[in-house]
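Below you'll find the structure, written out as structure tokens, and then a few comments.
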Amino acid sequence: MRFNSLIPELSVSDINKSKEFYLKLGFKVIYERKEDKFIFLQLEDNQIMIEENNNNWNTGEMEYPYGRGINISMTIKDIDSMYKRVKEDNIELFLDLETHEYRVNNTISYDKEFLVQDPDGYLLRFNN
């Protein structure tokens, strides 16, 4: 197994509720430590870890929505198919599918993207 150089680890309030949500999005469980309430998940080349809040790494009071001020951007090969699946599964959208223009140095890039919030309020941005 190859681990990405950067892998976000999210503290969650209910590991089972979060697991169900991420599986519904299409993530696969790579490995799980049930005794630690920890799960390593992957969707295409995107890796993420979730662990039920255990107060080990908290820098402050954990209250909804978690992860204020951050969104986790994940590139998806077929953004239209994923968007369709999210809509069919009635996953609430934080931001509907849109194409946004971003300047990268002297080049304009166009990203088709949508955002959802996980059960603890983390913003997940899926783009092409």
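Looking at this structure, is ILE76 open to solvent by 80 Å² or more (accessible area, probe 1.4 Å) and either at negative phi or out of contact with any Gly (no Cβ under 6 Å at 6 or more places or on another chain) (or both)? Talk me through it step by step, then tell me what you get.
Values: open to solvent by 80 Å² or more (accessible area, probe 1.4 Å): no; either at negative phi or out of contact with any Gly (no Cβ under 6 Å at 6 or more places or on another chain) (or both): yes.
Taking the combined requirement at face value, the residue does not satisfy it.
How do the pairs read when you match residues in segment 82-106 that are in contact (Cβ under 8 Å) with a residue 24 or more places away in the chain with residues anywhere that are of a type in the set (D, E, K, R), using Cβ under 7 Å and keeping only pairs 6 or more apart or on different chains?
Going by the 7 Å Cβ cut-off, the qualifying pairs are ASP89/LYS24; ILE91/LYS24.
Within segment 45-62, count every residue that is more than 21 Å from the chain's Cα centre (by Cα) and open to solvent by less than 100 Å² (accessible area, probe 1.4 Å).
1
From the list ILE72, ILE15, ILE50, pick out the single residue that is touching a helix residue (DSSP H, G or I) at 6+ places or on another chain (Cβ under 6 Å) and among the hydrophobic types (A, V, I, L, M, F, W, C).
On the way: ILE72 fails: touching a helix residue (DSSP H, G or I) at 6+ places or on another chain (Cβ under 6 Å); ILE15 fails: touching a helix residue (DSSP H, G or I) at 6+ places or on another chain (Cβ under 6 Å).
After applying the criteria, what remains is ILE50.
The values are calculated or read from the model by the stated rules, or taken from the named source; none is laboratory data. Quick caveat, the model's predicted, so the values are computed rather than measured. Cβ atoms come from the backbone with ideal geometry, glycine included; neighbour counts cover every protein chain shown. Calculation scope for accessible area: heavy atoms of the full protein, side chains included, ligands and nucleic acids excluded. Shrake-Rupley method; radii C 1.70, N 1.55, O 1.52, S 1.80 Å.
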